[in-house]
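The structure appears below as structure tokens.
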Ligand code: UDP
């Protein structure tokens, strides 16, 4: 067993990991894997079940990656969850698992990085006789998932998973509450601290111009537009903060999210908010955008499984306001490294933003303490090491 991750993987004698992710979109779990995988691949590899921007990113990073396209019947089952579509998907699912299993024989273990990867991975791991590790990125509670969905994930985990790597204590706790039995180790997301370093002021001025932002304070919310991410709470808080602008960075992915995004746009077009809310869609320059804003806000109204954007704000030395609950309370120490407000509480959010904007020196000190803390607790090196140690326990 190797204690030193770098020498172990460069000698080629490290754990050979086959990462499996159903999604090729750039969600939080995929961005996490993008940072984690270089420590393992090569000799490891990433296997995706669809094509998309995540594939390009992995390739550009020099990480071996392959796509096995999931059959249409399997992809449809996610959208039309029901016994009919599940039955129709069964042959396709078995075929897919078989193809994954054939690849998996060249590796020591399968690392499922999503719930759908867990479904395919649990079959493939049996077929290939390889241990299965599941990185749990979700809080398996009624606020996020149907009972059927939770039951399926927990049953598969109990039957097939050797080790669960949970992205927070909150995710671990919900998994246990739902009846999850395999050993769980909590590994928080890690970040390349350098990516969030200050940028040249002229770049920020140019970005401000390109976005057409008038002078005045700006708060930023960096999340998919989804009801549980709580962008509507920020809009109502903004109504109480005249002169303050907001960047909503992120896009709506699913159908109910499209409807929500439309409602947000309609609200933002009303007199009290007009011209102050900027919808930027999905952006790849989050580290630069972070430097532009005066305050980073996180507004999720259901417990956040982890909350990457909170750490990213801290690493960018921005003062952060986050909602109390889930992973956020594992990241932020209220009043020391950020401010925590109750979920869905418009008044409290508005008051916290005002406090930071009205007291810039206090805000600067909070952000500085947050930066120091985040560098110590959320570096990518520490995360890679923790995952490495966890995996070496699984491989005899
Ligand atoms: N993100 C991004 N572009 C956007 C919006 C978000 O790259 O337009 C990134 C963000 O920087 C963060 C991730 O997406 O790294 C979101 O992760 P988080 O844990 O906050 O939420 P999730 O989307 O996983 O629920």
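The values are calculated or read from the model by the stated rules, or taken from the named source; none is laboratory data. Source: prediction; values computed, not measured. Here the Cβ is made from the backbone with ideal geometry for all residues, glycine too, and neighbour counts use every protein chain on show.
Quick notes on this one:
- A count restricted to region 313-331 and to residues that are surrounded by 22 or more Cβ atoms within 10 Å (Cβ to Cβ) and farther than 19 Å from residue 375 by Cβ stands at 3.
- Single residue of 137, 144, 188 found to be within 15 Å of the ligand (Cβ to nearest atom), surrounded by 15 or more Cβ atoms within 10 Å (Cβ to Cβ) and modelled with pLDDT under 95: 144
For (1) in contact with a helix residue (DSSP H, G or I) (Cβ under 6 Å, 6 or more places away or on another chain); (2) surrounded by 15 or more Cβ atoms within 10 Å (Cβ to Cβ), each residue gets a yes or a no:
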{"residue": "235", "(1), (2)": "yes, yes"}
{"residue": "242", "(1), (2)": "no, no"}
{"residue": "245", "(1), (2)": "no, yes"}
{"residue": "251", "(1), (2)": "no, yes"}
{"residue": "258", "(1), (2)": "no, no"}
{"residue": "261", "(1), (2)": "no, yes"}
{"residue": "265", "(1), (2)": "no, no"}
{"residue": "279", "(1), (2)": "no, yes"}
{"residue": "289", "(1), (2)": "no, yes"}
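- Unique match (being part of a helix (DSSP H, G or I) and at pLDDT below 95) among 361, 393: 393
- Taken over region 286-307, the criterion of being outside any loop (DSSP other than H, G, I, E, B) and either within 14 Å of residue 198 (Cβ to Cβ) or more than 13 Å from the ligand (Cβ to nearest atom) (or both) is satisfied by 287, 288, 289, 290, 291, 292, 295.
- Test result for residue 366, buried (at least 18 other Cβ atoms within 10 Å of the Cβ) and in a strand (DSSP E or B): no
- Residues that are in contact with a strand residue (DSSP E or B) (Cβ under 9 Å, 6 or more places away or on another chain) and at positive phi do occur in region 206-214, at least one of them.
- Evaluating residue 310 against the criteria (1) in a helix (DSSP H, G or I); (2) surrounded by fewer than 24 Cβ atoms within 10 Å (Cβ to Cβ); (3) near the ligand (Cβ under 10 Å from one of its atoms) leaves one unmet condition, (2).
- Number of positions in region 245-272 that are in a loop (DSSP other than H, G, I, E, B), touching a strand residue (DSSP E or B) at 6+ places or on another chain (Cβ under 9 Å) and away from the ligand (no atom under 16 Å from the Cβ): 1
- When residue 129 is tested against (1) without any contact (Cβ under 8 Å) to a residue 60 or more places away in the chain; (2) over 24 Å from residue 91 (Cβ atoms), exactly one condition is not met: (2).
- For residue 90, the conditions (1) in contact (Cβ under 8 Å) with a residue 60 or more places away in the chain; (2) out of contact with any helix residue (DSSP H, G or I) (no Cβ under 7 Å at 6 or more places or on another chain); (3) under 30 Å from residue 174 (Cα atoms) are fulfilled apart from (1).
- Within the set 176, 172, the sole residue that is modelled with pLDDT of 95 or more and more than 19 Å from the chain's Cα centre (by Cα) turns out to be 176.
- For region 323-334, the criterion of being within 14 Å of residue 296 (Cβ to Cβ), outside any helix (DSSP H, G or I) and more than 16 Å from the ligand (Cβ to nearest atom) is satisfied by no residue at all.
- Filtered residues of region 41-61 (kept if part of a loop (DSSP other than H, G, I, E, B), crowded, with 22+ Cβ neighbours inside 10 Å and modelled with pLDDT of 95 or more): 44, 49
- Within region 62-80, tally of residues that are assigned to a helix (DSSP H, G or I) and either loosely packed, with under 13 Cβ neighbours inside 10 Å or modelled with pLDDT of 85 or more (or both): 2
- Number of the condition not met by residue 242 [criteria: (1) in a helix (DSSP H, G or I); (2) more than 24 Å from residue 309 (Cα to Cα)]: (1)
- Subset of region 218-239 [more than 15 Å from the ligand (Cβ to nearest atom) and part of a helix (DSSP H, G or I)]: 232, 233, 235, 236, 237, 238, 239
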